[in-house]
Amino acid sequence: MLNHSRIVGFPFSRIEGPLKVTGQAHYAAEHHAPGLLHGFVAVSTVAAGSIAEIDTAEAERFPGVVKVYTHENRPQTAESDDKWKDTAAVPGHPFRPLENGRILYDGQPVALVIAEGFEAARDAASLIRIRYIADEPHTDILRERRQSYVPAEPRGESMVPPPPRGEPEQAFAAAPCTVSAEYVLEGEHHNPMELFGTTVLFENGGLTIHDKTQGPQNTQAYVCNVFGLDPEKVKVRNDFVGGAFGAGLRPKHQLFLAVMASLDLQRPVKVELSRREMFYLTWRPATVQRVSLAADRDGRLQSVMHHAVQATSRYEDYQENVVNWSGLAYRCDNVRLSYELAKLDVSTPGDMRAPGAATGVTALETAMDELAYEVGIDPLELRRRNFADHDQNQGKQFTSKALDACYREGAARFGWDRRSFSPRSMREGHDLVGWGMAGGVWEASIAPAEARVRLSVDGAVTVSAAASDIGTGTYTILGQIAAETFGVPLGRVKVEIGDSTLPKTGVEGGSRTAASSGSAVQVASKAAVKTLLAHAKGMPNSPLARASEEDVSISEGRLVLERNHQIGLSIGDIMDAAGVSFIEEHGKIEPDEAQMKKFISYTHSAVFVEVKVDEDLCIPRVTRVVSAIAGGRILNPKTARSQILGGVVMGIGMALHEEGMIDHRTGRIMNHNLAEYHMPAHADIEDIEVVFVEEEDDKVSPIGAKGLGEIGIVGVAAAVSNAIFHATGKRIRHLPITVDRILGA
Amino acid sequence: MRPFDYTRAETVREAVAALVANPEAQLLAGGTNLVDLMKYEVAHPAAIIDINHLPLRQIEELADGSLRIGALVSNAAVAYDSRVKERYPLLASAILAGASPQLRNAATTGGNLLQRTRCYYFYDPSSPCNKREPGSGCSAIGGVNRIHAILGASDKCIAVHPSDMCVALAALAATVEVEGPEGRRYIPFAEFHRLPGDHPERDNTLAPGEMVLAVRLEGNHFVPHHSYLKLRDRLSFAFALVSVAAAMDIADGEIVDLRVALGGVAHMPWRDSLAEAEFAGAPPTEETFRKVAVRLLAGAKGQGGNDFKIPLAHRAIVRALSQAAAGTPQDQTVKAFQ
């Protein structure tokens, strides 16, 4: 079946866009029902200790208040940790809201006020009086790293460093060119536009839960397990998600609290968290990393050593793949990678766009830049000389790796060949100008996914899957894939996702949805065409009697022979003859285990950045970025470009702005609002060019796509940091690179 | 937020009477700061007196040639007023360096003067804070104090005034027109805000029952030689780490009248007119400006997290004065520093 329709691979606007910009797309906290109650969460103001006394009397008397829940009156729920573990849970004891009086982190929920209106709930919450017994908090990773440890239970295989190879220490000692430095990356806090919210409604004899999540089936299973509910009676929807970036992989406490209150009170309940509470939820953990690199005089890597200590909470061992990238990004035979955790009195960190890579690759790619200057060769050339043609960590072939093309095309678009090597060698007025680059890498894989496709007699198509669109374009690309197979315009395809009752799909994470659900839709669509052909072949004197699947396609409402579109039958006639009004098929894909024994897939990038830094005033500005991406087949260049643009902006924030500021005396985050926790404003973002290089890959997924959600951020912070070095001659190994850090360097 | 009484004042007299009658009341103008503070549980006014209907929304030219900016004139309206742009470009520039277009449309002149510090601890009701709760202590001392004061702080409070507009008004030596139970009075801008001392809960010298009616600008306009330079953590929509309103008159190659006001460094827009006077007659050169910076920052003291502000302020003063002397004020729409 050839691509006649020019749909997949072409730039379509989001099909749900008009709903979003006209206010018709309802997010989790925008659903209503008669008698809806509103919840407001009160949070702890100490980071460690316990509640000695909690007085809710005044809050309970507040007009409009229905009930105040604390650990003293919370209804009973599941006892065992297993019931609390969602599919994205990490080793440890999942947090249980209002379970007891123990305080594990600043901002921990300590009470839920349910009232007839939001304002009453909020105002009453401020009247709750709590006396704490505060313990000394430990929140400074630079201190707590002394007690770092290797996690006893790995979160996943990919997060365990490979065993050392070669003789990294000896090779390092013997090499003529070495760098070894420590990098500190402060914690970052998720702040998508949409806050976490849950609305619980009583519908059709069960619960309909509108939740802000990246996986409605994950939420559904969690709720059923925790509250012991019949899965048939619980439906979870997340039709629209206003950004999540990994924050919505695991259930948040507002989900538990909203369901708890609605079951207890037998009334619909909505709980929406505040912006402040975003700072107490999933966050990108602070890391302290040491990277030691050694090379010969030509820049060929002789030794790579990367050790990371990453923050986690007291109650869970959150893990991400921070260091393994350093063993596969470049060719090197002497490698030692190690990864440890340090427990802090903080909420459990979580996945945040390219978790692990965004931090680990930042350290590696900054160190590579340092090595380029140690060796005395162009930083891009250094990377070219160390090109890895297979994954040495796992001894596997790449299914594709068009990183060379990223280097070439990115450098050409940026004008890298005009760069002068020496730091402080480019100026413009008061500004020192710097050009830096970095490479990026992220895993590409598919997860098991299912989809259902229905072709109606009138040619209309419906695609259904329990996938999520977290702003990434899932609606659109699933529609495109079906539209192309059925030869219909995109507007004839209805896409139903964000509903736990639809065909099984994993959480939307790890840049896997496009490749996984997209492939499942393609499988289902092809199955529907096959069924249509079977019906056609059964018709008397069928012109398609001897046609096989490969011979036919659908064009303008007819099932036709590829070689001659004149020969065929209309969909309507075929279905009429078969006595059906629609054809519905299921599609299912799974990773190819046999292939995975030999092959592995990654997305790659090369990021080129120009910065300008006023020589005296030390204020950095990112004035130009070129991000060249090798991401397999690009299904929709428009939504794909948006993914990368967003990743670059987030990377600039990581490099220059974002930092949770903790008062280590109290363990409390002090800049818990968007006025003081800085992310880039429009003024901070200038020219960003995205280049998708040609990369054919027939193994990574049936549709050849790799996924683009994460790769856009990887390497950006390092490229900015490297550009600042090139501009100023100052190597700043502590992110974010704020004015004080430049001034003090 | 707690429930409160709401009344709407139709006249200044009514507003003052309501303030006198209820010391727990607060005036509501643009609401861009007060409403936030109420939501954060920092402010719990028992009553809100809405003054948005008072006739204070004009910029008038007075007989003596001075400009009277009503307390309810929005920041945007001031910044884009043709008379302000022509005569007081330093003020227009400072306003446009602050906040965002949306906020500048809502925020008022009087409200800008009365906005409260952005100290993290002031904004966090569970932290001790002498400004929010006198006698409870200052958490910023020894805490997260990257954005705090290097000049004029006390052991009770190290907060800074967050305004950009007020820094320009300080340099321009504006006058604040206030009305209270005792009638009308005029406060020189340098005496309007105050240092924290032992009473950081008091941001300014308004007496109980007094309200701001207008800001008056007269005298030297510093059109040829001025600049507002703001340094912050991102290029827009962030409070100043350090800002400088610089202005001077130059005659025969000598500085005649020097003005330097600093933002982001003290509990009030920081100006030292004695120091300024010492440079009358000096040549408007970078060397002079370095001396000005040294002189102005002689008493500067860091708190740890904000130590960098001292060298940063030094550099900013030199640059802003250089821009002013050269007649090339910082253009707030240009990201590069001139």
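The values are calculated or read from the model by the stated rules, or taken from the named source; none is laboratory data. Every value quoted in this text rests on a predicted model; they were computed, and no experiment measured them. Note that we place each Cβ from the backbone using ideal geometry, even for glycine, and neighbour counts take in every protein chain shown.
Out of the residues in segment A:9-38 that are of a type in the set (A, V, I, L, M, F, W, C) and part of a loop (DSSP other than H, G, I, E, B), which is nearest to residue A:113 (Cα to Cα)?
Among residues in segment A:9-38 that are of a type in the set (A, V, I, L, M, F, W, C) and part of a loop (DSSP other than H, G, I, E, B), the one nearest to residue A:113 (Cα to Cα) is A:36.
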TODO: Report, ordered by the first and then the second residue, all pairs with beta carbons closer than 6 Å, sequence separation of six or more or different chains, a first member in segment A:358-380 that is of a type in the set (Val, Ile, Thr), and a second member that is part of a helix (DSSP H, G or I) and modelled with pLDDT of 95 or more.
DONE: A:361/A:325; A:362/A:717; A:362/A:718; A:366/A:718; A:366/A:721
- [ ] Please find, among A:102, A:74, A:131, the residue that is closer than 27 Å to residue B:38 by Cβ and either surrounded by fewer than 18 Cβ atoms within 10 Å (Cβ to Cβ) or basic (Lys, Arg) (or both).
- [x] A:131
Open item on the list: Against the conditions (1) within 15 Å of residue B:170 (Cβ to Cβ); (2) crowded, with 23+ Cβ neighbours inside 10 Å; (3) in contact with a helix residue (DSSP H, G or I) (Cβ under 6 Å, 6 or more places away or on another chain), where does residue B:271 fall short? Just the number, please.
Closed with: (2)
- [ ] Considering (1) touching a residue at least 12 places away in the same chain (Cβ under 8 Å); (2) surrounded by fewer than 24 Cβ atoms within 10 Å (Cβ to Cβ), say which one residue A:255 fails and leave the rest.
- [x] (2)
- [ ] Can you tell me which residue within segment A:673-709, out of those that are outside any loop (DSSP other than H, G, I, E, B) and in contact (Cβ under 8 Å) with a residue 12 or more places away in the chain, is nearest to the other protein chains (Cβ to nearest Cβ)?
- [x] A:684
Open item on the list: I'm trying to understand the selection: among the residues of segment A:656-676, which are crowded, with 22+ Cβ neighbours inside 10 Å and either under 21 Å from the mean Cα position of the chain (by Cα) or within 23 Å of residue A:641 (Cβ to Cβ) (or both)?
Closed with: A:656, A:658, A:659
TODO: Would you be able to tell me the number of residues in segment B:145-185 that are part of a loop (DSSP other than H, G, I, E, B) and surrounded by fewer than 24 Cβ atoms within 10 Å (Cβ to Cβ)?
DONE: 9
TODO: Answer yes or no: is there a residue in segment A:404-419 that is farther than 30 Å from residue A:237 by Cα, within 32 Å of the chain's Cα centre (by Cα) and acidic (Asp, Glu).
DONE: yes
- [ ] Go through segment A:481-499 residue by residue and tally those that are surrounded by fewer than 24 Cβ atoms within 10 Å (Cβ to Cβ), in a strand (DSSP E or B) and of a type in the set (Val, Ile, Thr).
- [x] 0
Open item on the list: Let me confirm something: among B:29, B:46, B:18, which residue is among the hydrophobic types (A, V, I, L, M, F, W, C), surrounded by fewer than 17 Cβ atoms within 10 Å (Cβ to Cβ), in contact (Cβ under 8 Å) with a residue 12 or more places away in the chain and more than 12 Å from chain A (Cβ to nearest Cβ)?
Closed with: B:46
Open item on the list: Please return the ranges of strands (runs of 3 or more DSSP E) entirely within segment A:430-480 where 3 or more residues are hydrophobic (A, V, I, L, M, F, W, C) and either at pLDDT below 95 or buried (at least 24 other Cβ atoms within 10 Å of the Cβ) (or both).
Closed with: A:431-443, A:449-456
TODO: Being closer than 30 Å to residue A:673 by Cβ and assigned to a loop (DSSP other than H, G, I, E, B) is the filter here, so list the residues in segment B:214-246 that pass it.
DONE: B:232, B:233, B:234, B:235, B:236, B:237, B:238, B:239, B:240, B:241
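Every residue, every condition in (1) touching a residue at least 12 places away in the same chain (Cβ under 8 Å); (2) away from chain A (no Cβ under 14 Å); (3) in contact with a strand residue (DSSP E or B) (Cβ under 6 Å, 6 or more places away or on another chain), yes or no:
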{"residue": "B:75", "(1), (2), (3)": "yes, yes, no"}
{"residue": "B:81", "(1), (2), (3)": "yes, yes, yes"}
{"residue": "B:111", "(1), (2), (3)": "yes, yes, no"}
{"residue": "B:120", "(1), (2), (3)": "yes, no, no"}
TODO: Out of the residues in segment B:265-318 that are more than 20 Å from residue B:144 (Cβ to Cβ) and aromatic (Phe, Trp, Tyr), state the one that is nearest to the other protein chains (Cβ to nearest Cβ).
DONE: B:289
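Does segment B:328-337 contain at least one residue that is part of a helix (DSSP H, G or I) and modelled with pLDDT of 95 or more?
There is no residue in segment B:328-337 that is part of a helix (DSSP H, G or I) and modelled with pLDDT of 95 or more.
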Task: Failed item, numbered, when residue A:609 is tested on (1) more than 10 Å from chain B (Cβ to nearest Cβ); (2) within 17 Å of the chain's Cα centre (by Cα) - done: (2)
Open item on the list: Pairs please, first residue from segment A:150-177 and among the small types (Gly, Ala, Ser), second anywhere and assigned to a loop (DSSP other than H, G, I, E, B), Cβ atoms under 7 Å, 6+ apart in sequence or on different chains.
Closed with: A:158/A:321; A:166/A:333; A:166/A:334; A:171/A:334; A:175/A:296
Open item on the list: Looking only at helices (runs of 4 or more DSSP H) that lie completely in segment A:43-140, which have at least 2 residues being in the same structural domain as residue A:273 (by TED's automatic domain parsing) and over 29 Å from the mean Cα position of the chain (by Cα)?
Closed with: A:57-61, A:118-125
Open item on the list: Could you tell me how many of the residues in segment B:308-337 are over 22 Å from residue A:738 (Cα atoms) and among the charged types (D, E, K, R)?
Closed with: 1
Open item on the list: As an exercise: evaluate residue A:298 against (1) assigned to a helix (DSSP H, G or I); (2) of a type in the set (Asp, Glu); (3) in contact with a helix residue (DSSP H, G or I) (Cβ under 8 Å, 6 or more places away or on another chain) and give the number of the one condition it does not meet.
Closed with: (1)
Task: Residues of segment B:186-202 that turn out to be farther than 16 Å from residue B:170 by Cβ, in contact with a strand residue (DSSP E or B) (Cβ under 8 Å, 6 or more places away or on another chain) and surrounded by 14 or more Cβ atoms within 10 Å (Cβ to Cβ), as a count - done: 3
- [ ] Kindly establish whether residue A:743 is within 11 Å of chain B (Cβ to nearest Cβ) and either outside any strand (DSSP E or B) or not aliphatic (A, V, I, L, M) (or both).
- [x] yes
Task: segment A:643-672 residues that are closer than 25 Å to residue A:725 by Cβ, paired with ones that are surrounded by fewer than 24 Cβ atoms within 10 Å (Cβ to Cβ) and acidic (Asp, Glu) (beta carbon under 6 Å, 6 or more apart) - done: A:659/A:186
TODO: Those residues that are surrounded by 21 or more Cβ atoms within 10 Å (Cβ to Cβ) and either of a type in the set (Phe, Trp, Tyr) or more than 26 Å from the chain's Cα centre (by Cα) (or both), I need them from segment A:381-403; list them, please.
DONE: A:382, A:383, A:398
